[in-house]
Amino acid sequence: MGSRGHAMIPFNQPALFGREQAYVSEALASRRLSGDGRFCRRGEKLLEETLGVKRALLTTSCTHALELSAFLLDVGPGDEVIVPSFTFVSSVNAFAIRGAKAVFADVRPDTLNLDEQKLEGLITPKTKAIVPVHYAGVGCEMDIILAIAATRGVAVVEDNAHGLYGLYRGRPLGTFGALATQSFHETKNITCGEGGALLVNDSGAHSFAARAEILREKGTNRSQFFRGQVDKYTWVDVGSSYVLSELLGAVLLAQLEARVEIQQRRRVVWERYANELATWAETEGVFLPTVPKHCEQAFHMFYMLLPDLARRSAFIEHLKERGAAAVFHYLPLHLSPMGLRSGGRAGDCPITESVSDRLVRLPFYTELSEGDQVKVIEAVRSFRV
């Protein structure tokens, strides 16, 4: 509750767009609730058509889609994977569980994306993959990253958890790397509560996609069996259980069908924050998000960078007292207990260490009303840095 007894404006709240319940009821009535049913297949096809990817495979989470990427690239002990230190733990964990060593990259001070200028110096003969993360749905500098990766023979796996329907130089995020991953977690623009997708883009897509089907079905050729391509299915490879259930697929399809409305609403919320807070931010020495002209962002979040940790803590408390939930974000992975065991040291990623202490995210969700957003804006403006 806020200081005046009113309900707290939450940081996030998932939205429904009308067809979710109808689709779930239809799925229940069909008595076909396991994965790869009609709703899941329709969702995969919609992703393939709207993004222009060769194959989209729904998974139980973005984490599992990243794990599938590690499987497909045969990542193992002795390999290295380059990831930004400023990201969610799944970006690296998916490769670490296969025995790979994390090599942490710092981020740019403007977009907070992997700093492509530092990339070349991190690549060694052991580098198996580079994992750029499109922070806040703003594209990394993919031209440079892909050129470096191609020269050094390294695979690129896009972590596009924030960036569905964002563009880099007019091309959808998630379509640059050999593989890319999506998240449909409750906090994402398009959600089914928990879910994800693996996107297959590279020229060897047929073999990648075929193997990915097997890996996500416990290492069996079950998908081929259901399509009538084999008489019986059997264990043919390593794998795990990564298939999204039909109930979640039904929710996801309804959300994907509402993608234009979702993105339009979120754009209005993002732009209102940017416009209404610009003067206050400049006066108070607070940095607002940077979106390069060649990027069209996904409107996933709205963050600010305050001068230091003490003032960020005071700011979060200030908003809480006025009925709005603001939150910080990632802690530097290279300074985490696991990161330190991987060789991380203080000072390795100075931009990450700085922004982690200063970044705060404002309430941002598809159904945030103008009235509630105005209350948040007024609370922000009343804070003196």
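The values are calculated or read from the model by the stated rules, or taken from the named source; none is laboratory data. None of these values were measured; they are calculated from a predicted model. Please note: Cβ atoms are built from the backbone with ideal geometry, for glycine as well, and neighbour counts cover all protein chains shown.
Per the listing R222, R266, the residue uniquely among the charged types (D, E, K, R) and under 19 Å from A56 (Cβ atoms) is R222.
Got a number for residues in the range 83-101 being of a type outside the set (K, R) and surrounded by fewer than 24 Cβ atoms within 10 Å (Cβ to Cβ)? Here the count works out to 7. Against the conditions (1) polar (S, T, N, Q); (2) surrounded by fewer than 20 Cβ atoms within 10 Å (Cβ to Cβ); (3) closer than 20 Å to L173 by Cβ, Q255 satisfies every one except (2).
Residues that are among the aliphatic types (A, V, I, L, M) and farther than 17 Å from G249 by Cα are absent from the range 28-46 altogether.
When the helices (runs of 4 or more DSSP H) confined to the range 223-336 are screened for residues that are farther than 27 Å from L198 by Cα, those reaching at least 2 such residues are found at 259-284, 309-321. Among residues of the range 126-140 being in contact with a Ser or Thr (Cβ under 6 Å, 6 or more places away or on another chain) and over 10 Å from Q297 (Cα atoms), the one that is surrounded by the fewest Cβ atoms within 10 Å (Cβ to Cβ) is V133. Looking only at the range 170-179, decide whether some residue is surrounded by fewer than 17 Cβ atoms within 10 Å (Cβ to Cβ), more than 19 Å from G137 (Cα to Cα) and assigned by TED's automatic domain parsing to the domain that holds L72. Scanning the range 170-179, I find no residue that is surrounded by fewer than 17 Cβ atoms within 10 Å (Cβ to Cβ), more than 19 Å from G137 (Cα to Cα) and assigned by TED's automatic domain parsing to the domain that holds L72, so the answer is no.
So, E296, is that one closer than 20 Å to Y365 by Cα, among the charged types (D, E, K, R), modelled with pLDDT of 95 or more and touching a Phe, Trp or Tyr at 6+ places or on another chain (Cβ under 9 Å) or not? Against the criterion (closer than 20 Å to Y365 by Cα, among the charged types (D, E, K, R), modelled with pLDDT of 95 or more and touching a Phe, Trp or Tyr at 6+ places or on another chain (Cβ under 9 Å)), E296 qualifies.
Screening the candidates R259, R266, R345, R272 for the property of being of a type outside the set (A, V, I, L, M, F, W, C) and over 25 Å from A161 (Cα atoms) yields one hit, R345. Cβ separations smaller than 7 Å between residues 6+ apart or across chains give no pair from the range 97-113 residues that are outside the structural domain of D79 (by TED's automatic domain parsing) to residues that are crowded, with 21+ Cβ neighbours inside 10 Å. Regarding the range 85-92, can at least one residue be identified that is touching a Pro at 6+ places or on another chain (Cβ under 6 Å), closer than 30 Å to V355 by Cα and aliphatic (A, V, I, L, M)? Among the residues of the range 85-92, not one is touching a Pro at 6+ places or on another chain (Cβ under 6 Å), closer than 30 Å to V355 by Cα and aliphatic (A, V, I, L, M), which makes the answer no. Condition check: buried (at least 20 other Cβ atoms within 10 Å of the Cβ), in the same structural domain as W235 (by TED's automatic domain parsing), basic (K, R) and out of contact with any strand residue (DSSP E or B) (no Cβ under 8 Å at 6 or more places or on another chain). Does K188 satisfy that? Here the answer is yes, as K188 does meet what is asked.
Within the option set D79, D106, D115, being of a type in the set (D, E) and closer than 23 Å to N201 by Cβ holds for one residue only, D79.
Within the range 201-210, can one find any residue that is on the phi < 0 side of the Ramachandran plot and at pLDDT 95 or above? No, the range 201-210 contains no residue that is on the phi < 0 side of the Ramachandran plot and at pLDDT 95 or above.
A single entry from P350, P332 fulfils the requirement of being in contact with an Asp or Glu (Cβ under 9 Å, 6 or more places away or on another chain), surrounded by fewer than 20 Cβ atoms within 10 Å (Cβ to Cβ), within 25 Å of D115 (Cβ to Cβ) and touching a residue at least 60 places away in the same chain (Cβ under 8 Å): P350.
Residue-by-condition table, conditions (1) surrounded by fewer than 18 Cβ atoms within 10 Å (Cβ to Cβ); (2) in contact with a helix residue (DSSP H, G or I) (Cβ under 9 Å, 6 or more places away or on another chain); (3) among the hydroxyl-bearing types (S, T, Y):
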position: I214; (1), (2), (3): no, yes, no
position: N221; (1), (2), (3): no, yes, no
position: S240; (1), (2), (3): yes, yes, yes
position: E276; (1), (2), (3): yes, yes, no
position: E282; (1), (2), (3): yes, no, no
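Restricting to the range 32-79, what's the tally of residues that are more than 18 Å from the chain's Cα centre (by Cα), acidic (D, E) and buried (at least 21 other Cβ atoms within 10 Å of the Cβ)? Looking only at that region, the number is 1. Take the residues in the range 290-329 that are of a type in the set (F, W, Y) and either more than 25 Å from N189 (Cα to Cα) or in contact with a Leu (Cβ under 8 Å, 6 or more places away or on another chain) (or both), then tell me which one is surrounded by the fewest Cβ atoms within 10 Å (Cβ to Cβ). Ranking the candidates gives F328 first.
Please determine, by comparing only the residues of the range 371-385 that are out of contact with any strand residue (DSSP E or B) (no Cβ under 9 Å at 6 or more places or on another chain) and modelled with pLDDT of 95 or more, which one is surrounded by the fewest Cβ atoms within 10 Å (Cβ to Cβ). Here the residue is G371. Any residue in the range 360-370 that is in a helix (DSSP H, G or I), buried (at least 17 other Cβ atoms within 10 Å of the Cβ) and within 26 Å of the chain's Cα centre (by Cα)? Taking every residue of the range 360-370 in turn, none turns out to be in a helix (DSSP H, G or I), buried (at least 17 other Cβ atoms within 10 Å of the Cβ) and within 26 Å of the chain's Cα centre (by Cα).
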